[in-house]
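Derivation of every value follows stated rules applied to the coordinates shown; laboratory data play no part. Only a predicted model underlies this, so the values are computations on that prediction, with no experimental measurement involved. Note that we place each Cβ from the backbone using ideal geometry, even for glycine, and neighbour counts take in every protein chain shown.
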Amino acid sequence: MCYTDDVFGFLADLPLPGYPSLLALGLSMGTALAVLLGRRRGLTALAVVDGALAGAAGGLLIGRVVYAAAHWPYFHDHMGEVPMVWRGGLSAPGAVVGGIVGVLVLCRARRVGPRPLLDTLAPGAALVVISAWLGCLGAGCGCGLPVRPDQGLLWALSAELPDLYGLRAPRVAVPALGAVWGMVTLAGLLLGRWDRPFPLWLLLYAGGDLGLGFLREDVTPWLAGLAGVQVADLALALAGLTLLTLPIWGGRGERPHLISPG
């Protein structure tokens, strides 16, 4: 079903790969982009790939653990499904924190400062976010609020999309809005000459996700009108803002080359 006066109506009939395929594509493209950008920072291709793999592993692990904890009434009786990441179900803030932790652990093991690697991986992370949001279009994650034709702007930003149970209805196209914001973030990171690209990405990603949370149907207010995922987004956005504005994102003396053993 397509509407005559909306922006995202074409999404209802758009054939897209499944969520895991799109996420894998985003990880591959993000890693390739990071390798290209790493050359400007004196990072070897192997070091950047190692960082991307460490970030992906940490993101999948912690993102899945946080998701299972948030849906504990179900997973308590289905513990065997907790490690089944391929079946879907990741906490986005958990995945971001896990990705950061993975990179920090790698840098700690290599005894190098994390700033050059995190800054290099930031645009690639934006690509992963875009692919994840596109995957949500068909998977029903991040589904938007149901809307009616008399709701003006919300109707204009709607499409007939499924929820997590596969039930289709005209709803705010939150995944499409998330993907568009991810593209804007990526363009800003690539076109601007930023001294702190990772903190900027963290602020823009978390701030956008926080705002989109108000348009989602699959979240429930938990604290001061914010859902749990929005509280986590707020914390990440504040962390990004702190790193941007305070002189704690230092590291001019960090060793720039990450040499992988072997």
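For Tyr74, Tyr165, what's the fewest-to-most ordering of other Cβ within 10 Å of each Cβ?
The order, fewest Cβ neighbours first, is Tyr165, Tyr74.
What value does the range 151-205 have for Rg/Rh, both radii from Cα atoms and Rh as Kirkwood defines it?
So for the range 151-205, dividing Rg by the Kirkwood Rh gives 1.17.
Stretched out fully, how many nm does the piece from Ala169 to Arg111 gain, at 0.36 nm a residue minus the Cα gap?
Value of the extension gain: 15.7 nm.
What whole-number volume per residue, in cubic angstrom, does the convex hull of the C-alpha atoms of the range 9-245 give?
It is 137 Å³ per residue.
How many times 2.2 N^0.38 Å is the alpha carbon radius of gyration of the range 33-173?
Normalised Cα radius of gyration, the range 33-173: 1.29.
Please name whichever of Leu60, Ser131, Thr245 sits farthest to the positive end of the charge dipole of the chain, dipole taken about the Cα centre and charges placed at Cβ: Lys and Arg +1, Asp and Glu -1.
Looking along the dipole axis, the top candidate is Thr245.
Under Stokes-Einstein, with the Kirkwood radius over Cα pairs standing in for Rh, what whole-number D in µm²/s applies to the range 71-124 at 20 °C and 1.002 mPa s?
160 µm²/s
Once the other residues with Cβ under 12 Å from the Cβ of Pro197 are scored (Lys, Arg +1; Asp, Glu -1), what is the net sum?
Once all neighbours under 12 Å are counted, the net charge is +3.
For the range 121-199, state which trypsin sites (Lys or Arg not before Pro) are in a DSSP loop and have at most 16 other beta carbons lying within 10 Å of their beta carbon.
Sites meeting the loop and neighbour criteria: Arg193.
At 222 nm, what helix-only mean residue ellipticity would the chain give, in deg cm²/dmol to the nearest 500, using -39500 (n - 2.57) for each DSSP H run of four or more?
One gets -19000 deg cm²/dmol as the mean residue ellipticity at 222 nm.
Treat each spin label as a single point 7 Å out from the Cα along the C-beta direction, and report the Leu223 to Leu145 distance in nm.
Those two pseudo-labels are separated by 2.3 nm.
Taking 30 Å as R0, compute the FRET efficiency from the Cβ-Cβ separation of Thr44 and Val184 and round it to 0.05.
Efficiency at R0 = 30 Å is approximately 0.45.
Which FRET efficiency value, to the nearest 0.05, do you get for Ala32 and His76 by plugging their Cβ-Cβ distance into 1/(1 + (r/R0)^6) with R0 = 45 Å?
Approximately 0.65, to the nearest 0.05.
Apply the Karplus curve 6.51 cos²θ - 1.76 cosθ + 1.60, θ = phi - 60°, to the phi angles in the range 58-69 and return the couplings in whole Hz, x for Gly and Pro.
Those phi angles translate into x, x, 5, 5, 6, x, 6, 4, 5, 4, 5, 5 Hz.
Among Phe198, Phe214, Phe10, what is the fewest-to-most ranking by other Cβ atoms within 10 Å?
Phe10, Phe214, Phe198
Stretch Ser21-Leu153 to full length: gain in nm at 0.36 nm per residue minus the Cα-Cα span?
Stretched out fully, the Ser21 to Leu153 stretch lengthens by 44.3 nm.
When only C-alpha pairs under 8 Å and at least 6 residues apart count, what is the relative contact order of the chain, in percent?
It comes to 23 percent, rounded to a whole number.
What ranking do 125-135, 143-153, 172-182 get when scored by the average of other Cβ atoms within 10 Å per residue, highest first?
Going by the mean number of other Cβ atoms within 10 Å, highest first, we get 125-135, 172-182, 143-153.
What ranking of Thr185, Thr120, Thr31, Thr220 emerges when the number of other C-beta atoms within 10 Å of each C-beta is taken as an exposure proxy, fewest first?
Thr220, Thr31, Thr185, Thr120
Just how large is the dipole of the range 9-245 about the Cα centre, in debye to the nearest 20, putting +1 at every Lys and Arg Cβ and -1 at every Asp and Glu Cβ?
In total the dipole reaches around 940 debye.
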